[in-house]
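What follows is calculated from the coordinates using simple rules that are stated; it is not laboratory data. Quantities reported herein were computed from a predicted structural model and do not represent experimental measurements. No Cβ is skipped: glycine too gets one built from the backbone with ideal geometry, and neighbour counts run over all protein chains shown.
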Amino acid sequence: MAEATRKTRLAVFASGNGSNFEAIAQACADGRLNAEVVLVVCDRPGAYVCERAAKFGVPVFAFRPKEYASKEAFEREIVARLDGCGAELVCLAGYMRILSDVMLGAYDGRIINIHPSLLPAFKGAHAIRDAFEYGVKVYGVTIHYVNNELDGGRIIAQRAFDYKGSDPDELEAMVHAVEYPLYVETIGELIAGGRLLKQ
Ligand code: GRF
């Protein structure tokens, strides 16, 4: 198939709500992204992201980490499934685990993550709350390549916004409203750059 019309095959990893997954899947459905989500990987069976995936007809690999001997063991199964569906770009979206060398080795340079702060500030699972409690006035979102460090890896894109209010719920909503278009646009740019194609 001609490269211009061929859809890039995305996998999305999530542990919970999955609103970023939905933003990506919707952009694929609308044609804003020349891509399709071929697999959702979820380490919490029953997480809401699984329901969202069903709505979009996207297959889910949901697993219980405790049922495997090690992280490497469940990642070997993930890699086999990613290879099986020809995934070209792995998008972490609220996947609450550090990846091991099994995943990083297999998909090196083709794994990205979204984080709700201006990295390297406020790494970790509670970035929005931590920034708010610190009294930050300029918030933002980062998309970065993934390595074996928590929220580490080279930064691909960032978007900042001012917030001087005092309502954490309002702030969180603003962060998410920045996340969705930034993730979709960044994936689009990576696809357009043509560096994801398996040789
Ligand atoms: C997002 O804020 C993302 O930046 C962070 O985890 C959250 C996931 O939200 N890594 P959702 O599951 O996509 O709704």
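Tell me, Kirkwood radius of the chain from alpha-carbon pair distances, in Å?
17.2
In 5 Å bins starting at 0, how do the alpha-carbon pair distances of region 75-126 split up by percent?
Values per bin, smallest distances first: 5, 17, 27, 25, 13, 9, 5, 0.
Show log10 I(q)/I(0) for region 60-164 at q = 0.18, 0.20 Å⁻¹, two decimals, from a solvent-free Debye sum over equal Cα scatterers.
-0.89, -1.02
Have a look at the DSSP beta bridges in the chain and tell me what percent are antiparallel, nearest 5.
Details: 11 of 28 bridges.
Taking every DSSP beta bridge within the chain, about 40 percent pair in antiparallel fashion.
Tell me the label-point distance for the pair R76, V138, using the 7 Å Cα-to-Cβ offset, in nm and rounded to one decimal.
Each label point lies 7 Å from its Cα, and together they span 4.7 nm.
Just the C-alpha atoms of region 1-104: what Rg/Rh do they give, with Rh taken as the Kirkwood radius? Kindly include the intermediate steps, with their values, before the conclusion.
On the way: Rg = 13.5 Å, Rh = 13.9 Å.
Using only Cα positions, Rg/Rh for region 1-104 is 0.97.
For region 104-155, report the translational diffusion coefficient in µm²/s to the nearest whole number, using Stokes-Einstein at 10 °C, 1.306 mPa s, and a Kirkwood Rh over Cα pairs.
Working: Rh = 11.5 Å.
D, rounded to a whole number, is 138 µm²/s.
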